[in-house]
Structures are given as structure tokens and as C-alpha cells.
Amino acid sequence: MAAVSGVLPQVPEPRAAVFRTFSKPRPAHARRQAAATKRKCQASSEAPPAKRRSKASFLPAKKTAAKETRRTLKGKAQRTFSPKKPSAGARDGDQERKPGAKTSSLFKNNPEIPELPRPVVKQVQEKVFTSDAFQALDLHPHLISTINTVLKMSSMTSVQKQSIPVLLEGRDALVRSQTGSGKTLAYCIPVVQSLQAMQSKIQRGDGPYALILVPTRELALQSFDTVQKLLKPFTWIVPGVLMGGEKRKSEKARLRKGINILISTPGRLVDHIKSTKNIHFRQIRWLILDEADRILDLGFEKDLTVILNAVNAECQERQNVLLSATLTEGVARLADISLHDPVSISVLDESHDVSSPESEAFLEASPPQATDELDGFAIPAGLEQHVVVVPSKLRLVCLAAFILQKCKFERDQKVIVFFSSCELVEFHYTLFLQTLLSGSGALAPEHLPSTSTPLKFLRLHSALEQEERTAVFQDFTHSKTGILFCTDIAARGLDLPQVTWIVQYNAPSSPAEYIHRIGRTARIGCHGSSLLVLAPSEAEYVNSLASHKINVSEVKMEDILSVLTKDDCFKGRRGGSQKSRAAGPQEIRERATVLQTLFEDYVHSSEETVSGAKKALQSFIRAYATYPRELKHIFHIRLLHLGHMAKSFGLRDAPKNLCASAMKKKKANLKRPDLQRKKTQSKQRLAEILRSEYASGMETGGTKVRKQNTRGGPASQPRGAARTPGPASASAEGTD
Ligand SMILES: Nc1ncnc2c1ncn2[C@@H]1O[C@H](COP(=O)(O)OP(=O)(O)OP(=O)(O)O)[C@@H](O)[C@H]1O
């Protein structure tokens, strides 16, 4: 990174610049210097000593640049979102400055960017496809022809080849294979085959024969769609989905008429078990837990117990199938599910079969390892994983530059950006919509490069009304391009076609969540890329990923920012463009400042927007506090510079008392004798909170983001992926 040499690398022609400089080996002296820097940085956290000037920063900006920037932007900002006069309420401490106020330097006083660790990792890989056709299985001819003609699939994937015969034999199974490898059909085909072959023909009124549990509503819809297609020739078998967001009454009516293959989120099913007379499980032959490790997780524990008790009370003889890309036997053992002599299916095992040429390559390449060492999660071969280390002040412009690069200046790019809470999604969605879309995109179309593509922003999180959630899901599914901002609600199971990039703007809380997030791209043998954004104090996370056999290569922040030289909307003082001269570090710096000013002016344009940004920052801090203990040495609020962090929310200064009240509360709690009792309650609370992110929609009285409301933020939400209790204090907007 720039920290190593102290100067920004020469920025080549912008088109060729971005992402050409991944992980280049550095000279030894530079490495030594960077290692020393890293030690210093770790000791001092992200907050630098007041007088220290960052070597990592760009060359010092001339004083006039920001002034000029302000002038350039003033007009633009007014044309885009018309900043209002700051109202009385906006005059909170330092936040009272008018839009267009001087933007403090983005490039001074940043912490050094440490050289990233480069652990040697042999990633676990699986072979996706086999050469075997579905005809090789003992399936009903109509089912085979439906797979061939309706689903347009001919050969089986590895996980299908291994799982379908085992499940057709009637065995219980734990199935693990990489994301996007076809696990849905691996269980749907045996279910349909076995139910259509039942001697006494299934009647709709019999009720459910198969119960499929999935963690999110979108996944429920997606699985329902697959089952429905497979059932085309077997019209007497009725599938149905219970997923919340829909009127309870209509679901009850459908249950009364009869559903034979029932797909549901756990929370919604529990609600019906408690309140719907007609629901019964007398006929259950199959219990499937898709994304089983998530469903067995803390957040669903209570719901799952209710469901299993209800099912066990009425039927004992059934097949149980647990599937996930990150299912370990350890996780499965925790399940209070009476698995009967289960078969453990892992496609990785097949890679070790010396009869396949690829496996031979694998065996040759990897020395014998202990069993647990082989336990890394497989990552699709077509997935290129990147990481960028960005000082907190530059996070926002870096994200924006990346989005502009991919979605404005490249064709057919579909990007998913993961955030740790609903509030963060909502804040960034609104900010980008109001600045990048109506800002740079709408300014003067004649000034846009002819190669640019209009930006399309979408957002998905649990605080949206179900109607909008479904619409967004459908829209993004069918779009050729677009940027989806989301929480971990979209991390599991969703099969969104042709996603090209996954950005993790907030690091995930576990390696499993990392795998699932990146798994939304490079599915079923396709190619895709991912980018993880880390702060300098979080660089150690690369080692944590490596310990789970996850290998990321470094992208330079400067390379991402250099795209701004393509976009004359961000022209700085000197007004040069790529056409007239080569873009240098100074120009990149100026343009980044223009972009940051655009964000800050929007945020400071009204009381409402300032307060939205503060809430989002608080939500970030709360989510940051929920990282599990084993990651606390990397992700600890103490390691963040809150003033710099505030800048990444478009705030010119850190709001006062940001953490103080939370810390005060914590200290007070420590003195209180009833703390232990409270701890149990807070565990339950966390379960509620986690469930809310994956809510099934029976919730009442919660704060939902209305369709038209692009400015106001939703109720505070914690990271959906947290597996470990933390002090997140979200509202209970989405409990089932
Ligand atoms: N045999 C096949 N041939 C071609 N495409 C297939 C085949 N089986 C499944 N697919 C397609 O592969 C994609 C991924 O399948 P699926 O969603 O079932 O993956 P998954 O393993 O469940 O992923 P995740 O772990 O992310 O949930 C889907 O678009 C599906 O239609």
C-alpha cells in the first residue's frame, strides 16, 4: 500500500488502473518498514497521535484545494438535493455548519496502512458438476423430463449425485457442499420422487408430508418456486409456503385446504402452531433443515424446539435432512433432532477419491493433513477474493468509488454490498440515492462518458414491509445490473443470477457468514469476485480468515479511488480530466475530497439528515460491539477513531457523547447485583433480536420502513449474523 513507499503509486490510464495491482510483492526494505509501521499502528490503534502525519496519506493537499472544491460543489449540491438552511435542531455542537462548509482533509492524520499478512493457504475446492445425467437415477420418467425441460438441467452436480440415491434409500443425512452447488435440488428431487410414488395417492387434505424449514422469507419463496416446478407433472401434490408478510388469515385458509409440501420460516410456523387449529403433522415423512447451521443457531433455538415438539408429538418415523455450505457435524450434534444413523455427505470427500483426475491433483498438491485441518469450508473455484484496507475517514468515498467503477463505467455488473445493520443499509442507500444518483448521474447527461451506465440502487433488510422486500428481491433477481445494499438477510441461500461482485463493507462476524456472503456470486461453476473492506486496525482479520482456509488478495485503496478521475462530476480545483492529462495522486485526492464534500453537504442539509447519520453511526457502533469474543482483539470499539468514523457517515465531527452513555450504562450495570439475572434475559433478548433480522412477519407494532420513505431510518437493527451474544440494543420491531 502507499504506506510502504510513502508515495502514491503512479496512476496509470484510469481504465487499466483499477485492480491491476493486486498483491504485488514488495521490496524487502519496504516490507521491513511496513512491519514496523504495523507494530506501531497496532500499539496505537487506529487513532494516530495528533501530530503524526501519515506516510500512507496522499501528498499534502494545497490549502486552496478544499476551498475550490467547495466552490465547485456548491452549485452541484444545490442542483441535486437542494440543501436546506440548517434548522435550529441541526445546531448540535459542531454539526451546525452550513452545507458547503470546508471539508477537513481526508488524507491527513490517517493511521498507517499496515502491510497485510500473507499467510499461505491451500483453499478447499470442490468439483461442481459430474458427467452423470439425471437419467442415471431411478426417478419417475416425468420427473426426469421436468428436470430436463422445465429446469433445463441435464447432468447432476456432485452433491446431487451423492445425496439423491442416499435419500431415496430412506436414510437421514447431513449434507455439506459449497455455496451454489445445487443443494436445493439435492433434497427436492428425492422428496418429490418419494411422495409421488406413495402407494395410496396423496390427498391435499392429508396435510404436510414434507416440512422444509429455511431461515428467511426470500429463501422460502425461492425453494417454493423450485418445488412447484418439480411438481408440474404431479398435480395432486400441493406445495405451500408460510413466510410472514402475508395476511395470517389467507395462510390459515391455505393450511385448512391442505398443503403437502410445506416450506416455512421457523418463526412463522411457530406462530401457526400456536394459533392455527388446522395445522397438524400426522403425515410427516420428511423434515428438511436448509441452511441448517443457521436454523440450529441461537436465534432460532426456541422456535425450533416448539416445532420439533409439535412434529415429534404426532409422528416419529420420518427422514431428517440437514444441509448447508457450512454445516459441521459439531453443529449438527448440537441439534436436538433425533437423527437416525445419519449419512454424512460432503462433496469434499469425493475430491479425495483418487479415481477422479481432479482429486489426484488435489491429493498431490496437499500433504496428508489431520482430519480437522481438512475441515475448511470449500469456496467456489471461480471466486476471486479481495481485501482492501481503508482508513476510516476514507471508507465512504472508497465504497462510492468502487460502485462507480463497477456499475457506472463497466457493463453488466451486479453488486451486493453487505452491511451489519438495517440502519446502515438504509442510511447508505438514501445517501447514495440522493448524491450519486440524483447527483453525479443526473447532473448533465451530455457530460457523462459515453460508456457510463445509469446506476440502480436497491436495498433489502428486515425492517422493510414484506411487499417491498419481495418486489426488491424480484427486481434484483431479474436485473442485469444494479447495486443491492443489504444485511445478512440476503447472505444465506439466495440464488440471485449473475451477481458479479460481493462487497463486505462491514466484516462478517464468523467465517461461516463470510462464506455465505461471498457465495452469492460464482454460483454453479460461474465466475465472480468479492471485496472485503477493512480498517487498518482490522488487518489481522486476514489471518483469521486464513486459519479457516480462506485466501484473500490485496487491492490498493488508491486503485479504487483512481476511478474518480474518469468522472468529471468530481472535478477539483484544476479541473483537469483524463482526456487532457494523466491523473495524478493530487487529482485523485482532490476528487475524493469533492465526493466527500458532496456527501457531507447532503448529510448536513437538514436536521433530519444529520440525525439519520448519527443514528446510523450509533447503529454501527452497536453492531461493532457484537463481534464474538474470539474476534474482539481485532474488532473492538477501542481500536476505532470515532471522529474518523463519523466522517464515513458524512458527519463533519463525531457527535458528542456517542459512546459515553453506552459506557455509563455498562459501568452502572457492573455494580448492580441483579446483573446475572439480567444476563439470562439479555440472552433471550438477543435471540429475539436475531430472529427479528430473519423475521417471519407475524410481528405487530414494529417500526417498518415505508415504501415512500427514503429519508427516515428504520428502527435500529443489529447484525443479523451474530452467533455470539453481544450488547446490541435493537428495537424489537421484528419479533415473530
Ligand atoms: N444439475 C444442475 N445443472 C445446472 N444447474 C443447476 C443444477 N442444479 C442446480 N442448479 C442451479 O444452480 C444454482 C444454485 O443452486 P442452489 O441454490 O440449490 O445452490 P445451493 O448449494 O443450495 O447454494 P447455497 O449454499 O448458497 O444455498 C441454481 O440456479 C440452480 O438452479
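Sub-8 Å Cβ pairs linking a first residue in the stretch 521-541 that is touching a residue at least 40 places away in the same chain (Cβ under 8 Å) and part of a loop (DSSP other than H, G, I, E, B) to a second residue that is surrounded by fewer than 24 Cβ atoms within 10 Å (Cβ to Cβ) and of a type in the set (D, E), at least 6 apart or interchain, are R523/D495; H527/E384; A535/E46, ordered by first then second residue. Close contacts from the stretch 172-185, counting a first residue that is touching a residue at least 40 places away in the same chain (Cβ under 8 Å) and a second that is within 6 Å of the ligand (Cβ to nearest atom) and part of a strand (DSSP E or B), with Cβ to Cβ under 7 Å and a gap of 6+ residues or different chains, come to S181/T157; G182/T157. Here the stretch 542-577 is the region considered, the condition is being assigned to a loop (DSSP other than H, G, I, E, B) and surrounded by 23 or more Cβ atoms within 10 Å (Cβ to Cβ), and the residue that is modelled with the lowest pLDDT is G572. Entry remark, the stretch 276-294: residues being among the hydrophobic types (A, V, I, L, M, F, W, C) and within 16 Å of P342 (Cβ to Cβ) number 5 in total. Only residues that are within 28 Å of Y627 (Cα to Cα) and within 15 Å of the ligand (Cβ to nearest atom) were counted in the stretch 474-504, giving 12. In the set (1) away from the ligand (no atom under 16 Å from the Cβ); (2) buried (at least 16 other Cβ atoms within 10 Å of the Cβ), D297 fails one condition alone, (1). Here Y209 clears all of (1) of a type outside the set (S, T, N, Q); (2) in contact with a Gly (Cβ under 8 Å, 6 or more places away or on another chain); (3) open to solvent by less than 40 Å² (accessible area, probe 1.4 Å) except the condition numbered (2).
Within the stretch 418-427, is even one residue touching a strand residue (DSSP E or B) at 6+ places or on another chain (Cβ under 6 Å) and modelled with pLDDT of 90 or more? Steps first, please.
At the first step, the residues of the stretch 418-427 found to be touching a strand residue (DSSP E or B) at 6+ places or on another chain (Cβ under 6 Å) are 418, 425.
Checking which are modelled with pLDDT of 90 or more leaves us with 418, 425.
Yes: the stretch 418-427 contains one or more residues that are touching a strand residue (DSSP E or B) at 6+ places or on another chain (Cβ under 6 Å) and modelled with pLDDT of 90 or more.
Within the stretch 458-476, can one find any residue that is free of Cβ contacts under 8 Å to residues at least 40 places away in the same chain and polar (S, T, N, Q)? Yes, some residue in the stretch 458-476 is free of Cβ contacts under 8 Å to residues at least 40 places away in the same chain and polar (S, T, N, Q).
Restricting attention to the stretch 598-619, the residues that are open to solvent by 10 Å² or more (accessible area, probe 1.4 Å), under 16 Å from Y429 (Cβ atoms) and within 21 Å of the chain's Cα centre (by Cα) total 1. Just to verify a result, which residue in the stretch 513-532, among those that are open to solvent by 10 Å² or more (accessible area, probe 1.4 Å) and among the hydrophobic types (A, V, I, L, M, F, W, C), is farthest from the ligand (Cβ to nearest atom)? So, considering only residues that are open to solvent by 10 Å² or more (accessible area, probe 1.4 Å) and among the hydrophobic types (A, V, I, L, M, F, W, C), the one farthest from the ligand (Cβ to nearest atom) is C526.
Please work out which residue is nearest to G612 (Cα to Cα), limiting yourself to the stretch 386-422 and to residues that are in a loop (DSSP other than H, G, I, E, B) and not acidic (D, E). Among residues in the stretch 386-422 that are in a loop (DSSP other than H, G, I, E, B) and not acidic (D, E), the one nearest to G612 (Cα to Cα) is S421.
With respect to the conditions (1) within 10 Å of the ligand (Cβ to nearest atom); (2) in contact with a Ser or Thr (Cβ under 9 Å, 6 or more places away or on another chain); (3) within 30 Å of L339 (Cβ to Cβ), A133 lacks only one, and its number is (3). Among the helices (runs of 4 or more DSSP H) confined to the stretch 150-258, the ones with at least 3 residues that are within 16 Å of the ligand (Cβ to nearest atom), in contact with a Cys (Cβ under 6 Å, 6 or more places away or on another chain) and at pLDDT 95 or above are located at 217-230.
For the stretch 276-294, how many residues meet the condition of being more than 20 Å from R217 (Cα to Cα) and open to solvent by 20 Å² or more (accessible area, probe 1.4 Å)? Let's see the steps before the verdict.
Initial filter on the stretch 276-294 (more than 20 Å from R217 (Cα to Cα)): 277-278, 280-286.
Going one step further and asking which of them are open to solvent by 20 Å² or more (accessible area, probe 1.4 Å), we end up with 277-278, 280, 282-283, 285.
The total comes to 6.
Tell me, please, whether a residue that is more than 22 Å from E329 (Cα to Cα) and surrounded by fewer than 16 Cβ atoms within 10 Å (Cβ to Cβ) can be found in the stretch 175-197. Taking every residue of the stretch 175-197 in turn, at least one turns out to be more than 22 Å from E329 (Cα to Cα) and surrounded by fewer than 16 Cβ atoms within 10 Å (Cβ to Cβ).
Does A507 satisfy being in a loop (DSSP other than H, G, I, E, B), more than 10 Å from the ligand (Cβ to nearest atom) and among the hydrophobic types (A, V, I, L, M, F, W, C)? Explain how you work it out, then say what you get.
Numbers: in a loop (DSSP other than H, G, I, E, B): yes; more than 10 Å from the ligand (Cβ to nearest atom): yes; among the hydrophobic types (A, V, I, L, M, F, W, C): yes.
The answer is yes for A507.
Take the stretch 256-267 and flag every residue that is touching a residue at least 40 places away in the same chain (Cβ under 8 Å) and either closer than 17 Å to V227 by Cβ or open to solvent by 10 Å² or more (accessible area, probe 1.4 Å) (or both).
Of all residues in the stretch 256-267, those touching a residue at least 40 places away in the same chain (Cβ under 8 Å) come to 257-267.
K257, G258, I259, N260, I261, L262, I263, S264, T265 - these are the residues of the stretch 256-267 that are touching a residue at least 40 places away in the same chain (Cβ under 8 Å) and either closer than 17 Å to V227 by Cβ or open to solvent by 10 Å² or more (accessible area, probe 1.4 Å) (or both).
The values are calculated or read from the model by the stated rules, or taken from the named source; none is laboratory data. If you're wondering where the values come from, they're calculated on a predicted model, not measured in any experiment. Using ideal geometry, Cβ is built from the backbone for each residue, glycine included, and neighbour counts are taken over all protein chains shown. Keep in mind that these areas ignore ligands, DNA and RNA; they rest on the heavy atoms of the full protein, side chains included. Shrake-Rupley method; radii C 1.70, N 1.55, O 1.52, S 1.80 Å.
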